[in-house]
1. Taking the full set of protein chains and a 1.4 angstrom probe, give the accessible area of residue 147 in square angstrom, rounded to the nearest 10.
2. What's the local net charge at residue 103, with K and R +1, D and E -1, over the other residues with C-beta under 15 Å away?
3. Please report, for the Cα atoms of segment 79-157, the Rg to one decimal and the Dmax as a whole number; what are they, in angstrom?
4. Between 182, 228, 293, whose Cα lies farthest towards the positive end of the dipole of segment 182-334 when Lys and Arg beta carbons carry +1 and Asp and Glu beta carbons carry -1, centred on the Cα centre?
5. Regarding segment 1-107, what's the average projected area of the Cα-atom convex hull, expressed in nm²?
6. Students often check this: by mean Cβ neighbours within 10 Å, which of 318-324, 238-244 ranks highest, and how do the rest follow?
7. Residue 282's amide H: which non-local residues (gap 5+, or another chain) put their own amide H closer than 5 Å, with H modeled 1.01 Å from N in plane and none for Pro or chain starts?
8. Quick one: which of 78/151; 202/233; 275/300; 74/151 span more than 19 angstrom between C-alpha atoms?
Amino acid sequence: MSIYAPTRREWRSFFILMPVIDIITLYIMYGESIWMRYDAFAVVFCINFLIGTATFWLNVIVMHEIQLALPDLKQTVKRVAFIVGAHIIIAIAVYTLVFNVYDAFSLFGFEKDLQQLNLSIWIVIALVMLSDTLWESDFIYKKYKESIIEKEEMQQLNIQQEFDALKSQVNPHFLFNCFNTLSSLINEDRPQAEVFLNELSKVYRYLLRNNEDSLSTLKDELNFIQSFYKLLKTRHGDAIELQVEVDRKYYNYLLPSLSLQLLVENAVKHNIVSKSQPLVINVFSTEGNRLAIHNNLQPKNIKMPSNKIGLANIRSKYELLNISGYEVLHDGKNFTVVLPLIWNNTGDMKFSFINRSSKTNID
């Protein structure tokens, strides 16, 4: 059996109950005369207190060993039964021994009486059960908090894994489209292909670095989308236009990494982009800590194959973060996606998923 030191709460309960038990025991053993015999009261009280301290320590060690053997909340009934049973056996053994020793030495004229012994044992059993109830309640509360913490840690792990899976959808999608663009440029304009490849290396270097975090500041996302826009201009020229009007007060707000790139790329993919029909993309902030990405809607005659990764990816990230406000609006002429901006109160780029829901719903 391992040595176990009682906790402060256990010591507190002991120092509250032990004097009561001691005084009641003295009264049962010696009657009312004990109040007039100060020497007997002091000596017997101290002896009983020392015996009570040793008994208390033994009870705590036994309880601790049983709790280690039966730690699960589902084992509460069995654990309590073993603890109470063990403590009752210890109480009976200790009081029987004390009464017999006092009687053998006739300490201060003490004579054993079975009725006195039985009454003392029943009172002690009642107080032991009271203390066991307090100790077990404290143990259950601690176990409940531990289970909540473990559950939250598992949820955070699951959320992070889901978020990482969503991020992994971005890179292949982005890279595939860039290679298609580069392939076309190589055939059409080799110098421009070199310019495009140089810009692509800058963008992809940022992409790899930034994708380490689940969230990015709006300022970083805007800087990145400007670099990405250069790639698009290399290919489409005046057929595409990007206008950004964002209040600087939102620059330190957060949003899911690469959201702007996904939305701009999505607009180019599904709309006609030509000099006669330019695609105009507007990025602007609105009241209520929101960012809107708006483009004129001019669908291609031949629909491009789509697995809906872009919009579903962003929506799923907000759902994982348990943040509402994400909207997709279209009226046949315009297409707008509204992103809620997340207040960054720590200034830390990395985002904690504590107390976040793990619910996802990808169409």
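1. 50
2. Here the count lands on -1.
3. Rg and Dmax of segment 79-157, Cα atoms, are 20.3, 70 Å.
4. 182
5. Directional mean of the projected Cα hull area for segment 1-107 stands at 7.8 nm².
6. 318-324, 238-244
7. Those lying under 5 Å, H to H, from residue 282 are 243, 294, 295.
8. 78/151
The values are calculated or read from the model by the stated rules, or taken from the named source; none is laboratory data. Small disclaimer: the values here were computed from a predicted structure and weren't measured. Backbone-built Cβ (ideal geometry, glycine too); neighbour counts: all protein chains shown. Quick note on the areas: whole protein, heavy atoms, side chains included, nothing else; ligands and nucleic acids left out. Shrake-Rupley method; radii C 1.70, N 1.55, O 1.52, S 1.80 Å.
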